[in-house]
């Protein structure tokens, strides 16, 4: 049976470390503020926003909340972002995605100053990651690296397969694993013989967005399995992209859903906020 990688526990450790770091920065007169913008009142987004506010409070940084109505125009949102870009008291800006359909997500991401883009989505930060320069790294992939390292998973020299090629998880994940000296394969919906490719993975990272798509026969005996997916069924029960009970008997280590990757995303957002304070 696989050892469970406890994301709740590891994220709590990281937040404790950040809390101590923030206290030191405050002694030097450095304060931190994260501005969180939510357009509309999507229930899932509201939950995430509240979790982010609570995390800010825990580590000791301020959060400024902007809850805008659904009918907010793109121009109004861009004007607010511009004001926050120029507000010296704000270190980080986060627009909760998704935004309503009449607002162009790409335009909004590009409008946030790369120096305040604590989500790590701005093209400048993505480019910095690609060429190994300093910049903010997308929180979920950064969290997965911490999960692996703090669970004593050897990354260098290992075969890593990433299932999914999104800009938020798949692509930055592959770049981060390369940075840690893994040999990386990116797979996706068009990959031929996906099962065979996955069976070669020492570390299998699944972010395909399809409920329980990866079954036990995709997993090499003793592989480390990281499940990024999160799905609710009609009874509100959560499941991931990996069929957990089948994977658990083959993997050496595995992340559960919930309680695996999810808590790490907010911990690494806080990490980026603290980094923004020190830059």
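The alpha carbons of the chain stretch over 52, 43, 39 Å along the principal axes, in descending order.
Would you mind pulling out the separation of the Cα centroids of segment 1-62 and segment 246-268, in Å? Taking the Cα centre of each part, segment 1-62 and segment 246-268 sit 19 Å apart. Need one word for segment 139-261: rounded, prolate or oblate. Basis is the Cα gyration tensor (sqrt eigenvalues a ≥ b ≥ c); a/c below 1.5 gives rounded, then a/b vs b/c decides. In terms of gyration-tensor shape, rounded. Spacing of the modelled spin labels on residue 196 and residue 154, each 7 Å from Cα toward Cβ, amounts to 2.8 nm. In the chain, the DSSP-assigned H stretches of four residues or longer account for a calculated mean residue ellipticity at 222 nm of -12500 deg cm²/dmol, using -39500 (n - 2.57) per stretch and the full residue count as denominator. Hey, what did segment 29-114 get for relative contact order, percent, Cα under 8 Å, at least 6 apart? That works out to 41 percent.
Distance from the Cα centre of segment 213-240 to that of segment 77-126, in angstrom? Spelled out, the Cα-based centre of one part sits 32 Å from the other. Determine the shape class of segment 9-95: with a ≥ b ≥ c the square roots of the Cα gyration tensor eigenvalues, call it rounded for a/c under 1.5, and otherwise prolate if a/b is greater than b/c, oblate otherwise. Oblate. Stretching the chain fully between residue 183 and residue 211 yields a gain of 7.4 nm (0.36 nm per residue, less the alpha carbon separation).
Is segment 223-264 best put as rounded, prolate or oblate by its Cα gyration tensor, with a ≥ b ≥ c the root eigenvalues, rounded for a/c under 1.5, and otherwise prolate when a/b is larger than b/c, oblate when not? Here segment 223-264 falls in the oblate category.
Throughout, read-outs are computed from the coordinates displayed, never taken from laboratory work. Predicted model, so just to flag it, every value in this text is computed and none were measured. Ideal geometry is used to build each Cβ from the backbone, glycine not excepted, and the neighbour counts take in all protein chains shown.
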